1. Mind listing P(r) for the chain? All alpha-carbon pairs, 5 Å bins, whole percents.
2. Relative contact order for the chain using alpha-carbon pairs under 8 Å, separation at least 6, rounded to a whole percent?
3. Give or take rounding to whole Å, what are the principal axis extents of the alpha carbon atoms in region 39-79, in descending order?
4. On the protein heavy atoms, probe 1.4 angstrom, tell me the percent of accessible surface of the chain carried by carbon and sulfur.
5. To test your reading of the geometry: what angle, between 0 and 90 degrees and rounded to tens, separates the Cα axis of helix 55-65 from the longest principal axis of the chain?
Amino acid sequence: MEVKMEVRFLRAEPTMAFPRGRLLAVRGGRLHVLAPDGWDVLGGARPEGARPISREDAAEWCRFGGFDEAVLDAVPSPG
């Protein structure tokens with residue numbers, strides 16, 4: 001039986017390069033950032049200023065950024 005791990009979404013603070021911030025996800029204690037080719041693992045702690053957002057807000061961020069919402073279900077499991 002496969003155990004499904006909860007995914008929490010965050011949005012990093014806006015920067016000049018990313019005026020809407022970056023979409024982050026935490027799954028199994030591992031932090032990921034959404035890159036043009038999918039989710040990349042980030043080392044270290046959560047970026048300062050990153051704030052939790054709902055899945056609905058993450059879906060809106062995806063739509064605005066040109067990502068398919070299915071990417072929200074593709075956050076890798078650790079290990």
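The values are calculated or read from the model by the stated rules, or taken from the named source; none is laboratory data. Note that the structure is a prediction, hence the values are computed from the model and not measured. The area values use the complete protein model at the heavy-atom level, side chains included, leaving out ligands, DNA and RNA. Shrake-Rupley method; radii C 1.70, N 1.55, O 1.52, S 1.80 Å.
1. 3, 15, 28, 28, 16, 6, 2, 1, 0
2. Rounded, it is 30 percent for the chain.
3. 28, 27, 16
4. Using a 1.4 Å probe with all protein chains present, the chain comes out at 53 percent carbon and sulfur.
5. 50 degrees
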